[in-house]
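The values are calculated or read from the model by the stated rules, or taken from the named source; none is laboratory data. All values derive from a computational prediction rather than experimental measurement. Cβ placement follows ideal geometry from the backbone for every residue including glycine, while neighbour counts extend to all protein chains displayed. These accessible areas exclude ligands, DNA and RNA; they are computed on the full protein's heavy atoms, side chains included. Shrake-Rupley method; radii C 1.70, N 1.55, O 1.52, S 1.80 Å.
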Amino acid sequence: MCGRFTLASETETVAQTFFDVEIPTRLSLRYNISPTQDVAVITNTPAGNASDTVARGPGPRESSSSPKIEFFHWGLIPSWAKDPKIGNRMINARSETLAEKPSFRTAYKRRRCLIVADGYYEWQKVPGDRLKQPIYIRLQSEKPFAFAGLWEVWKTYEMEEPVRSCTIITCAPNALLKQVHHRMPVILPADAYAQWLSSEEQPAAALQPLLVPYPSEEMEAYPVSRFVNRPMNDSPECIAPYV
């Protein structure tokens, strides 16, 4: 699973990594992003005014229909949900059952997104210790990347604004992470972004080949302090190697 992650890269670095994505506000450096918080996402149906953009990737400026980073609640709330608290249990979605589960199957067809990150945490069992060891996982390049995600819109008649929420898709782990946990988040390569964000409804057969473990040889993992266990701790100390 993926229960905590980071986005501590500078705004300009994120803009460059995701080509022509628009970023309407400077990104705060986040070292311990937790469920129910707002996370940076890119969808194929951006909202907002492109005129207040503060950073862009390389390339010519396009119309306001260009992809842009928005902030969605982490924990998917299906449109049919009676209680938004259901999102607390839907921070992750298994890749193998997306087309079957009522909570995810419509979003899988029509509302896919990139969830922007530059690392994430997993907790590994330690023989003889009741407490698990937190492990920080990132690309060897230390560059930002995208989790494959789904998003939804939830609204009641009493609400003025809808809640946009998202979930991170998980798959079996690669060889590097198999010893840490039995699942890992799907990290999409850059050449898969266009297909994943396509506004056209796509069959599961066309999408499932994208939902595979990221190559081990491009990733690294190392232990960090249990300082990260507390969600309120959100500083560089979270990702400092633990010796």
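Listed values, structure above:
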quantity: Convex hull (Cα only) mean projected area of the range 64-104, reported in nm² to one decimal; calculated: 4.2
quantity: Residue-span extension gain [Arg89 to Leu131] - 0.36 nm each, minus C-alpha spacing; calculated: 12.8 nm
quantity: The range 71-158 - percent relative contact order, Cα under 8 Å, separation 6 or more; calculated: 32
quantity: Cβ crowding within 10 Å averaged over residues, with 3-9, 113-119 ranked highest first; calculated: 113-119, 3-9
quantity: Cα-based shape type of the range 126-243, given that a ≥ b ≥ c are square roots of the gyration tensor eigenvalues and the cut on a/c is 1.5; calculated: oblate
quantity: Neighbour net charge for Arg138 - beta-carbon separation under 11 angstrom, K R +1, D E -1; calculated: -3
quantity: Spherically averaged projected area in nm², based on the convex hull that wraps the Cα atoms of the chain; calculated: 14.0
quantity: Whole-Å distance, taken between Cα centres, linking the range 1-45 and the range 94-124; calculated: 16
quantity: Length-normalised contact order of the range 68-116 in % [C-alpha pairs under 8 Å, at least 6 apart]; calculated: 25
quantity: Extension reserve of the Ala204-Ala99 stretch, reckoned as 0.36 nm per residue once the Cα distance is removed; calculated: 37.1 nm
quantity: Solvent-accessible area per residue for the range 86-243 (1.4 angstrom probe, square angstrom); calculated: 51
quantity: Relative contact order, percent, the range 190-243 [alpha-carbon distance under 8 Å, six or more residues apart]; calculated: 27
quantity: Residue list for the range 190-222, given a label point 7 angstrom along the Cα-to-Cβ vector of Ala172 and an amide N cut-off under 13 Å; calculated: 212-214
quantity: Accessible surface of the range 101-150 [probe 1.4 Å, protein heavy atoms]: carbon and sulfur percent; calculated: 45
